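Heads up, the thing below is written out as structure tokens.
The values are calculated or read from the model by the stated rules, or taken from the named source; none is laboratory data. In this text the structure is predicted, and so the values were computed from the model without any measurement. Counting neighbours? That spans all protein chains shown, and the Cβs are built from the backbone with ideal geometry, glycine included.
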Amino acid sequence: MKVSADVRALIERRKEGHSLEAPFYLSEEIFALDMEAIFRQHWIQVAIEPDVPEPGDYVTVELGSDSILIVRDDDMQVRAFHNVCRHRGARLCNEDKGTVGNIVCPYHSWTYNLNGDLMFAEHMGEKFDRCKHSLKSVHVENLAGLIFVCAAEKAPDFSAIRAAMEPYLLPHDLPNTKIAAQIDIIEKGNWKLTMENNRECYHCVANHPELTISLYEYGFGYQRSPANADGMDAFAETCIKRGKEWAEIGLPSAEIDQLLDTTGFRTQRLPLDRSGESQTLDAKVASKKLLGGFEQADLGGLSFWTQPNSWHHFMSDHIVTFSVIPLSAGETLVRTKWLVHKDAVEGVDYDVKNLTAVWNATNDQDRALVEFSQRGASSSAYEPGPYSPFTEGLVEKFTAWYVGRLADKIGA
């Protein structure tokens, strides 16, 4: 991909251990490069199985100029296609989600089955070969109920993330959950600021009073330092103790952190504060109906982060998933979904306000922080600042991975 000399120079001179230069957050040229080098080349987490619970259920996701159609077929498999008719290119499904028997183009009624095969195209003549006009497939992977797509011609290998993560995720049985609530937030900031903010908890105590009722900040990339030695030591002891208890019931908890060229992810099951059971305002379960086959509530919080665009928290009673979709250099969609057991009854087993209180507050606080940062990056006084070696190591890993992907794309 051809880029300007200025962008190439920005990539090549990125200073390790420091935030990015302002154009990385402001430039539409760099935003276009982000979409081409990352969001059209890598595995992007965009949906969950409960989005498409039955055959014919679909959701659409916009990745830059590409619209991706995710649909459940008649064999209960999740498939993904470019949401483009093979006739004259009309958008096929124009709602965020819905249900169809077949996929019918609204323009000239070309009709595709749920496998993407063209079944009906009137007035095309005897020489027309329907088999050559199936929908264009998009690579899709279903990781224990989390749906990833990759729009590249050849997708990166997914086997490493599957092998590592299935033992952690499967016990929570995400496919047998339902969406109890969903909220979409448009942050007036660059997508990388959203991800950088998520990759550290340096800001948590000062900004997230609801979240830190149950959350230990030390579990989110902290390194031991003279300033936090006592707290870190106590937290480490708690992790060891709880980790042994969880191992006895088949729940892995050890940290995995793999930052590969093609797949970046990190996971760890962490204890919750105040003898916590869930990420709620009282640290107790939000749903009486526990997930999977769980028989106890205090199973900590399994956190799962992926490069470049998602994070997730799995607890005994509910799951919260977050997917980040860039809209422009200065706007980002953050989509949050709260999942409970599919048989849980609202008003009996759970209350939506209680279920969503912590992350509704936290999302709004993080939105403000991202927007503060975006405005700051626009200032003539802005220059890259140093990351804390004790609390922002995961931010450095993200930004180094990101710049590495751009450099690889342009051959820098």
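Being touching a Lys or Arg at 6+ places or on another chain (Cβ under 9 Å), in the same structural domain as S316 (by TED's automatic domain parsing), in contact (Cβ under 8 Å) with a residue 12 or more places away in the chain and aliphatic (A, V, I, L, M) narrows it down to one of L394, L369, L355, so name that one.
Values: L369 fails: touching a Lys or Arg at 6+ places or on another chain (Cβ under 9 Å); L355 fails: touching a Lys or Arg at 6+ places or on another chain (Cβ under 9 Å).
Just a single option satisfies the conditions, and that option is L394.
Which members of region 167-212 meet the condition of being part of a loop (DSSP other than H, G, I, E, B) and of a type in the set (S, T, N, Q)?
Selection gives N190 alone.
Would you point out the residue of region 276-301, among those that are hydroxyl-bearing (S, T, Y) and either surrounded by fewer than 18 Cβ atoms within 10 Å (Cβ to Cβ) or out of contact with any Phe, Trp or Tyr (no Cβ under 8 Å at 6 or more places or on another chain) (or both), that is nearest to H313 (Cα to Cα)?
Quick first cut of region 276-301, residues hydroxyl-bearing (S, T, Y) only: 278, 280, 287.
Narrowing the set further to residues that are either surrounded by fewer than 18 Cβ atoms within 10 Å (Cβ to Cβ) or out of contact with any Phe, Trp or Tyr (no Cβ under 8 Å at 6 or more places or on another chain) (or both) leaves 278, 280.
Values: S278: 10, T280: 12 Å.
Looking at residues that are hydroxyl-bearing (S, T, Y) and either surrounded by fewer than 18 Cβ atoms within 10 Å (Cβ to Cβ) or out of contact with any Phe, Trp or Tyr (no Cβ under 8 Å at 6 or more places or on another chain) (or both), I get S278.
Which of the residues belonging to region 191-237 are more than 22 Å from L333 (Cα to Cα) and among the hydrophobic types (A, V, I, L, M, F, W, C)?
From region 191-237, those more than 22 Å from L333 (Cα to Cα) are 202, 205-206, 209-210, 212-237; that's our starting set.
V205, A206, I213, L215, F220, A227, A229, M232, A234, F235, A236, listed by residue number.
Pairs needed: first member in region 295-317, more than 25 Å from F398 (Cα to Cα); second member anywhere, of a type in the set (D, E); C-beta distance under 6 Å; at least 6 residues apart or different chains.
A297/E277; D298/E277
Can you name every residue in region 148-181 that is of a type outside the set (G, A, S) and touching a helix residue (DSSP H, G or I) at 6+ places or on another chain (Cβ under 7 Å)?
Initially, region 148-181 is screened for residues of a type outside the set (G, A, S), giving 148-150, 153-154, 156-158, 161-162, 165-179.
Once the filter is applied, which keeps residues that are of a type outside the set (G, A, S) and touching a helix residue (DSSP H, G or I) at 6+ places or on another chain (Cβ under 7 Å), region 148-181 yields L174, P175, T177, K178, I179.
Answer yes if at least one residue in region 377-388 is modelled with pLDDT of 95 or more, assigned to a helix (DSSP H, G or I) and in contact with a helix residue (DSSP H, G or I) (Cβ under 6 Å, 6 or more places away or on another chain), and no otherwise.
As a first pass, look at region 377-388 and keep what is modelled with pLDDT of 95 or more: 377-388.
Restricting the remaining residues to those that are assigned to a helix (DSSP H, G or I) gives 377.
From what's left, in contact with a helix residue (DSSP H, G or I) (Cβ under 6 Å, 6 or more places away or on another chain): 377.
Yes, region 377-388 contains at least one residue that is modelled with pLDDT of 95 or more, assigned to a helix (DSSP H, G or I) and in contact with a helix residue (DSSP H, G or I) (Cβ under 6 Å, 6 or more places away or on another chain).
So is D273 part of a strand (DSSP E or B) and either surrounded by 15 or more Cβ atoms within 10 Å (Cβ to Cβ) or within 26 Å of the chain's Cα centre (by Cα) (or both) or not?
On the way: part of a strand (DSSP E or B): no; either surrounded by 15 or more Cβ atoms within 10 Å (Cβ to Cβ) or within 26 Å of the chain's Cα centre (by Cα) (or both): yes.
No.
Just a yes or no: is a residue in region 172-187 charged (D, E, K, R), surrounded by fewer than 19 Cβ atoms within 10 Å (Cβ to Cβ) and touching a Lys or Arg at 6+ places or on another chain (Cβ under 8 Å)?
For region 172-187, residues charged (D, E, K, R), surrounded by fewer than 19 Cβ atoms within 10 Å (Cβ to Cβ) and touching a Lys or Arg at 6+ places or on another chain (Cβ under 8 Å): present.
Within region 223-243, can one find any residue that is at pLDDT 90 or above and under 21 Å from L291 (Cβ atoms)?
yes
Suppose we keep only residues that are farther than 19 Å from C131 by Cβ and in contact (Cβ under 8 Å) with a residue 60 or more places away in the chain within region 72-115. Which one would you say is surrounded by the fewest Cβ atoms within 10 Å (Cβ to Cβ)?
V78
Out of the residues in region 133-152 that are more than 25 Å from T111 (Cα to Cα) and in contact with a Pro (Cβ under 9 Å, 6 or more places away or on another chain), state the one that is surrounded by the most Cβ atoms within 10 Å (Cβ to Cβ).
Per the stated criteria, the residue is G145.
Does V345 fit the bill of being modelled with pLDDT of 95 or more and within 19 Å of the chain's Cα centre (by Cα)? First the steps, then the outcome.
Values: modelled with pLDDT of 95 or more: yes; within 19 Å of the chain's Cα centre (by Cα): no.
Spelling it out, it is not the case that V345 is modelled with pLDDT of 95 or more and within 19 Å of the chain's Cα centre (by Cα).
Would a scan of region 353-373 turn up a residue that is over 22 Å from the mean Cα position of the chain (by Cα) and more than 28 Å from A32 (Cβ to Cβ)? Give the derivation first.
Going through region 353-373, the residues over 22 Å from the mean Cα position of the chain (by Cα) turn out to be 353-354, 372.
Subset that is more than 28 Å from A32 (Cβ to Cβ): 353-354.
Scanning region 353-373 turns up at least one residue that is over 22 Å from the mean Cα position of the chain (by Cα) and more than 28 Å from A32 (Cβ to Cβ).
Just checking, which of L406, L369, L355 is within 28 Å of Q41 (Cβ to Cβ), of a type in the set (A, V, I, L, M) and part of a helix (DSSP H, G or I)? First the steps, then the outcome.
Numbers: L369 fails: within 28 Å of Q41 (Cβ to Cβ); L355 fails: within 28 Å of Q41 (Cβ to Cβ).
Of the residues listed, the single one that is within 28 Å of Q41 (Cβ to Cβ), of a type in the set (A, V, I, L, M) and part of a helix (DSSP H, G or I) is L406.
Cβ-Cβ distance below 7 Å, separation of 6 or more or different chains: which pairs start in region 48-67 with a residue that is farther than 18 Å from F31 by Cβ and end on one that is aromatic (F, W, Y)?
V52/Y58
Take region 105-141 and flag every residue that is over 23 Å from A151 (Cα atoms), part of a loop (DSSP other than H, G, I, E, B) and not aromatic (F, W, Y).
P106, H108, S109, A121, E122, H123, M124, G125, E126, K127, D129 - these are the residues of region 105-141 that are over 23 Å from A151 (Cα atoms), part of a loop (DSSP other than H, G, I, E, B) and not aromatic (F, W, Y).
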